[in-house]
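Following: one structure in structure tokens, then a few remarks.
The values are calculated or read from the model by the stated rules, or taken from the named source; none is laboratory data. The structure displayed is predicted, hence computed values, not measured ones. As a convention, Cβ positions derive from the backbone with ideal geometry for all residues, glycine included, and neighbour counts pool all protein chains shown.
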Amino acid sequence: MQNVDVQTAQNVSLSVELAGVGTRLFASIIDYATLIAYFLGATLLVDAVGASSMGMTVLIYLPIFVYFLGAEVMFDGQSIGKHVMDIRVRNLDGTAPSFGAYAIRWLLRPVDIMFSSGFLGLISILVTQHAQRLGDLAAGTTVVRQQKHTKLRDLSYLETTDDHDVTFEQVDALDDHDIQIARDVLNTLVRQGRTSHTQTLGSRTQEILAKKMRVAPSGSPIDFLRTVIEDYNHIHARA
């Protein structure tokens, strides 16, 4: 599936893999199978206890009605199906959507999927640049593969000791999100080696973080990012 470059809040360009049609289809199948199982189970339970009433009917149907909106809002862009398929909803700049964006996607779901048997949504995903169904186009969102964050074995070179000498005390100007971006970029540089893209990505990230810390962007991007992460980890570990 295609990758797209998204701009983070720090103006760093990161490559994100869009979720394929098949992946999204399987996620939807899992979601609707979950809803059917819930409906059958709830109906059997109501019949068994003999508690049929208008109130019970509302209690059965309300979770089904708000499932996609509620799940994506509560679980950071993921429903059960999306979680299983390791995908999630994101804004086109890679950030988490607002409640309003989730609501727009949810309101247009019947048009994309139910009223057209999924045809409109499928065509829209296939022909749009960012694989967006109509709800995504209206909300400014898309569905991406979950980013694989750095694993512990990838961070072995970032472990610090109690006697670690801090180079940049100014890392206090950064936050966890900045450090996660630094980790992701550093991992990309280490894994993909020296290419024009990784060199530009590394240099740009180094410049932005150095500007936030008000320090000179000295050394290579790999050494700089590694030092920043080590210093941040050490300072916050002793806090």
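Observations, loosely collected:
- Against the list (1) within 15 Å of residue 26 (Cα to Cα); (2) out of contact with any Phe, Trp or Tyr (no Cβ under 9 Å at 6 or more places or on another chain); (3) touching a residue at least 24 places away in the same chain (Cβ under 8 Å), the condition residue 88 fails is (2).
- Residue check, residue 200 of a type outside the set (Gly, Ala, Ser) and at pLDDT below 85: no
- Counted residues, region 206-238 - those being exposed (fewer than 15 other Cβ atoms within 10 Å of the Cβ), of a type in the set (A, V, I, L, M, F, W, C) and within 29 Å of the chain's Cα centre (by Cα): 1
- Top-ranked residue of region 114-139 - restricted to ones that are surrounded by 11 or more Cβ atoms within 10 Å (Cβ to Cβ) and more than 27 Å from residue 64 (Cβ to Cβ), ranked as modelled with the lowest pLDDT: 130
- Residues of region 33-53 that are hydroxyl-bearing (Ser, Thr, Tyr) and surrounded by 13 or more Cβ atoms within 10 Å (Cβ to Cβ): 34, 38, 43.
- Qualifying residue in region 59-69 (condition: aliphatic (A, V, I, L, M), within 17 Å of the chain's Cα centre (by Cα), part of a strand (DSSP E or B) and not assigned by TED's automatic domain parsing to the domain that holds residue 180): no
- Residues of region 63-95 that are among the small types (Gly, Ala, Ser) and at pLDDT 95 or above: 70, 71, 79, 81.
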